Structures are given as structure tokens and as C-alpha cells.
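Heads up, the thing below is written out as C-alpha cells.
The values are calculated or read from the model by the stated rules, or taken from the named source; none is laboratory data. No experiment lies behind these values; they were computed from the predicted model shown. Note that we place each Cβ from the backbone using ideal geometry, even for glycine, and neighbour counts take in every protein chain shown.
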Amino acid sequence: MTDRLVFYSRMDNPEPWRAALRTALPDLAFDLADFVTDPTGIRYALVWNAPQGFFARFPDLQMIVSLGAGVDALVARDDLPPGVVITRLQDPMMSRMMASYVLFATLRMARDIPAFEAAQRQRRWTFVEPRPLSHTRVGIMGLGELGLFAARECARQGFTVSGWSRSPKSEPGIACHAGMDSLPAFLAGCDILVCMLPQTPQTVGLLNAERLAMLPQGAGFINVARGAIVDQQALLAALRSGRIGQATLDVCTPEPLPDDHPLWTLDNVLITPHVASVALPDSAAPQVAENIRRLRAGLPAHDPVDIARGY
Ligand code: NDP
């Protein structure tokens, strides 16, 4: 019997996924969750923010694939079927798209563009001496699928790049730090800090007032990970005082940011509505297909999410 994949997302158009999966794995049946009457043979679920109780509808389920790189909402659920493997999309195009956002935000700060934007609003021709990018130290928190790619791209542009992760890493051209003990020294060396960590019980609130104060005076801050990793009140205070000179926030908490939130009012903050990167069906589907082929062959899926670790 053909095995089946069920798709659920209120944000993503299923049709490009249907087409891309048909190309990658022609014998896989693709069902939209809203139209499934008989769940028999549904072994895989490709989902984003599925409602509570969703997975219990599918007794044959073997693998849940998160439609994004962030699995914080998925692993925090209490209705995950036991024994079902969870994977997330690892899409080279998603990494590239994320790196383009990080490059935009770091270059904007390093080239003093916010100062020119402000001067232009006042019709002032204000010269600020350009500095070589090597004079700007960019620190990337999280050297995973997305973080390492972005770190390499920043290094390729000529920034002086360091990175911070849980386990030790070695990467040419990037000064790698690992573990909590190294966090103060890492933060002290970031003219621009880029947060690319997953949201887990260990990272929620990690960037609190004390740690933000470890950054150099006037440092830039870019968050493309999750808003809850940063203490929003501490961030607000640091931005108001100029302790943090500039921030680019693609994520915040809550999302959407309420229209009366004070972050909207700060001149030194650029806010984008969680658009830094998305998974693209054409480049992500082959990886989903490969894992399905592995499960069919009785092999373990590549890179399963560690539910206890949270990413
Ligand atoms: P990965 O899981 O591939 O990598 C996570 C990295 O963070 C790893 O290097 C890991 O260390 C490190 N890390 C995790 N916990 C800790 C900790 N407690 N202390 C230090 N380092 C830690 O994630 P991705 O790179 O794929 O994605 C990162 C996040 O980006 C996602 O979780 C998601 O929230 C966000 N995202 C945002 C998008 C947007 O549009 N704004 C789009 C897509 C993702 P180690 O290597 O040692 O395991």
C-alpha cells in the first residue's frame, strides 16, 4: 500500500510542497489535513503549528517534519505520540536567505547607514568616516545550520567573526567559543551581536540585563532567532540608554508586536515581521524525501530533533 504524508499549515501554501514532493518521491501520497477521512497509511506529517490533539488522528504516524527550522513550539507540546521521530527542514536555500538578512543587517550597522537615514530625514549632509569591515567584530550566537552559514558569509565579507555554541567547534576564519563559561568573553568581543540560537529552556531569557551589559558600549544587536531569548525590558532599557546603539529585530515577543509597544517608537530599532528566512519547497523537499526513503528502508532519519535538548 502507498504510504501517505499529511500536510498542515495555516501559513504555507501546500501546492508547491505537493509539487516538489511529487518530483522528489513520486509514489508518496500527499493529503491535506482538512480533507483526511481515513488516516490509514499516513506515516509522515509535514506541519507548522498543528492544533492540539492533531497527531492522535494518525495512528500510523512515524515521522513529524517541522515546516521550519525552529522546533520550540513543537517539542514543548504534551501531545507528541511516543516513538515518533521529529525532524526539521534543513534547507540550503533557507540558510542562504537567512544569511542574506544577517548580511544586510550587519552591513547596515557597520556602514553607519542608520546615521545617514537619520541625517537624510533632516536634510543634513553628514560625513561619517567609513571603516574597513575588519574593524567590526561580529559575534554569532548559535553555530548550527543557519548560524554557521551566516558566520561564514560575514567572514567572507571581511568582518572579524566569532561564534558561540554549546559544543566546541573549529571553523577556519571564525573564532569559536563554546559553553556558558566562555559567554562573558564572547559578548565582550562583539561590536555586533547576532542571535541565532534555538529557543530552549536553556536559552529563554539568556540575554538578560547582566549579559547585555557585557557587550561593548554602543554595540549593535540583531535578533533573528526568537524574541524570548532576550529579556525585552532589559533590551528596551539598553536601547533607550544607548548601551545598545542599534538593534534589528526580526523576532520579538509577543508576535505580532502590539501597536502600542514601546519598541516601535525607538529610532535606533529596525523591526521586521519575522521574515528573515523561510523554507522553500523545491530545495527542502529532497531532504524530506530522503528521510522518508530511509524510514521505508528501516534506517533512522537523518538529524532527528533531540526533544529533551529542545532543538
Ligand atoms: P540548529 O539547531 O541547527 O543550531 C542551533 C545552534 O545553537 C547550535 O550551534 C547549538 O550548539 C547552539 N545552541 C543551542 N543551545 C545552546 C546553548 N544553550 N548554549 C549555546 N549554544 C546553544 O538551529 P538553526 O541554525 O537551524 O536555527 C536557529 C534558530 O533560528 C531556529 O531555532 C529558529 O528559532 C530561528 N529561525 C528564525 C527564522 C526567521 O525567519 N527569523 C527562520 C528560521 C529559523 P551545538 O552546535 O553545540 O549543538
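When you scan the range 159-181, do you find a residue that is of a type in the set (D, E, K, R) and touching a Cys at 6+ places or on another chain (Cβ under 9 Å), even just one? For the range 159-181, residues of a type in the set (D, E, K, R) and touching a Cys at 6+ places or on another chain (Cβ under 9 Å): present. Here is a check on your reading of the model: is Leu257 within 13 Å of the ligand (Cβ to nearest atom) and either closer than 19 Å to Ala73 by Cβ or under 17 Å from the mean Cα position of the chain (by Cα) (or both)? Criteria not met by Leu257. With respect to (1) surrounded by fewer than 19 Cβ atoms within 10 Å (Cβ to Cβ); (2) without any contact (Cβ under 8 Å) to a residue 40 or more places away in the chain; (3) in a loop (DSSP other than H, G, I, E, B), the lone exception for Asp12 is condition (2). Is it the case that Leu266 is within 16 Å of the ligand (Cβ to nearest atom) and of a type outside the set (Lys, Arg)? Criteria not met by Leu266. Scanning the range 31-66 for residues that are over 16 Å from Arg18 (Cα atoms) and polar (S, T, N, Q) gives Thr37, Thr40, Asn49, Gln52, Gln62.
Within 30 Å of Ile229 (Cα to Cα) and either surrounded by fewer than 16 Cβ atoms within 10 Å (Cβ to Cβ) or more than 26 Å from the chain's Cα centre (by Cα) (or both) - does that describe any residue in the range 15-33? Looking for residues that are within 30 Å of Ile229 (Cα to Cα) and either surrounded by fewer than 16 Cβ atoms within 10 Å (Cβ to Cβ) or more than 26 Å from the chain's Cα centre (by Cα) (or both), one finds none in the range 15-33, hence no. You will find that of Val275, Val305, the residue that is at pLDDT 95 or above, touching a Phe, Trp or Tyr at 6+ places or on another chain (Cβ under 9 Å), surrounded by fewer than 18 Cβ atoms within 10 Å (Cβ to Cβ) and assigned to a loop (DSSP other than H, G, I, E, B) is Val275 and no other.
Selection of the range 175-189 for residues being without any contact (Cβ under 8 Å) to a residue 24 or more places away in the chain and touching a strand residue (DSSP E or B) at 6+ places or on another chain (Cβ under 9 Å) yields Ala175, His177, Ala178, Gly179, Ser182, Ala185.
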